[in-house]
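The values are calculated or read from the model by the stated rules, or taken from the named source; none is laboratory data. No experiment lies behind these values; they were computed from the predicted model shown. Here the Cβ positions follow ideal geometry from the backbone for every residue, glycine too, while neighbour counts run over all protein chains shown.
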Amino acid sequence: MEILAVCGFGVGSSMVLKMTLDKVFKELGVDANVQTMDLSSAKGAKPDAIFTSKEIAKDLRNSTTSPVYEVEKYMDKQEVKSAVEKFINENKK
């Protein structure tokens with residue numbers, strides 16, 4: 001599955017979020033390819049899910065059909081895990 005960690009420029013906070021997402025997906029036993037991306041590029045991408053800040057989430061929801069999940073504290077593994085579990089539960093096939 002393709003996952004995006006998105007921030008304004010795609011290099012700072014999105015990298016921190018990516019590292020936490022990688023840990024969470026591994027812990028849950030889910031095979032996921034997590035990439036970082038800037039806001040403009042993410043608007044044209046078609047990942048399985050996008051994880052980002054509340055400030056960016058609204059803009060992304062208006063620009064993409066991919067589900068967008070908000071994370072406030074990128075280093076908080078429990079908060080990130082809750083967002084990932086929400087994504088998994090909402091997208092069970």
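I need the full set of residues from region 1-20 which are among the hydrophobic types (A, V, I, L, M, F, W, C) and in contact with a helix residue (DSSP H, G or I) (Cβ under 6 Å, 6 or more places away or on another chain), in order please.
If the condition is that a residue be among the hydrophobic types (A, V, I, L, M, F, W, C) and in contact with a helix residue (DSSP H, G or I) (Cβ under 6 Å, 6 or more places away or on another chain), then 4, 5, 6, 7 are the ones that fit.
Scan (1) modelled with pLDDT of 95 or more; (2) surrounded by 15 or more Cβ atoms within 10 Å (Cβ to Cβ) for the single condition residue 33 breaks and write down its number.
(2)
If the requirement is being in contact with an Asp or Glu (Cβ under 9 Å, 6 or more places away or on another chain) and β-branched (Val, Ile, Thr), which of these qualifies: 34, 68? So that I can check it myself, show each step before the final result.
Values: 68 fails: in contact with an Asp or Glu (Cβ under 9 Å, 6 or more places away or on another chain).
Testing whether each residue is in contact with an Asp or Glu (Cβ under 9 Å, 6 or more places away or on another chain) and β-branched (Val, Ile, Thr) leaves just 34.
Of everything in region 61-76 that's β-branched (Val, Ile, Thr) and surrounded by 13 or more Cβ atoms within 10 Å (Cβ to Cβ), which residue is modelled with the lowest pLDDT?
Among those that are β-branched (Val, Ile, Thr) and surrounded by 13 or more Cβ atoms within 10 Å (Cβ to Cβ), it is 64.
Residue check: is residue 73 of a type in the set (D, E, K, R), without any contact (Cβ under 8 Å) to a residue 24 or more places away in the chain and touching a strand residue (DSSP E or B) at 6+ places or on another chain (Cβ under 9 Å)?
Working: of a type in the set (D, E, K, R): yes; without any contact (Cβ under 8 Å) to a residue 24 or more places away in the chain: yes; touching a strand residue (DSSP E or B) at 6+ places or on another chain (Cβ under 9 Å): no.
No.
Can you tell me which condition residue 57 does not meet? The list is (1) surrounded by fewer than 14 Cβ atoms within 10 Å (Cβ to Cβ); (2) free of Cβ contacts under 8 Å to residues at least 24 places away in the same chain; (3) of a type in the set (A, V, I, L, M, F, W, C), and all the others hold.
Checking residue 57 against (1) surrounded by fewer than 14 Cβ atoms within 10 Å (Cβ to Cβ); (2) free of Cβ contacts under 8 Å to residues at least 24 places away in the same chain; (3) of a type in the set (A, V, I, L, M, F, W, C), the one that fails is (1).
One residue is enough: does region 82-89 have a residue meeting the conditions touching a strand residue (DSSP E or B) at 6+ places or on another chain (Cβ under 6 Å) and of a type in the set (Gly, Ala, Ser)?
Yes, region 82-89 contains a residue that is touching a strand residue (DSSP E or B) at 6+ places or on another chain (Cβ under 6 Å) and of a type in the set (Gly, Ala, Ser).
Looking at region 6-17 only, could you name the residues that are without any contact (Cβ under 8 Å) to a residue 60 or more places away in the chain and either surrounded by fewer than 23 Cβ atoms within 10 Å (Cβ to Cβ) or farther than 17 Å from residue 64 by Cβ (or both)? Spell out the reasoning first.
Going residue by residue through region 6-17, those that are without any contact (Cβ under 8 Å) to a residue 60 or more places away in the chain are 6-12, 14-16.
Answer for region 6-17, where residues must be without any contact (Cβ under 8 Å) to a residue 60 or more places away in the chain and either surrounded by fewer than 23 Cβ atoms within 10 Å (Cβ to Cβ) or farther than 17 Å from residue 64 by Cβ (or both): 8, 9, 10, 11, 12, 15, 16.
Being in contact (Cβ under 8 Å) with a residue 60 or more places away in the chain, touching a strand residue (DSSP E or B) at 6+ places or on another chain (Cβ under 9 Å) and of a type in the set (Val, Ile, Thr): is that true of residue 20 here?
Working: in contact (Cβ under 8 Å) with a residue 60 or more places away in the chain: yes; touching a strand residue (DSSP E or B) at 6+ places or on another chain (Cβ under 9 Å): yes; of a type in the set (Val, Ile, Thr): yes.
The answer is yes for residue 20.
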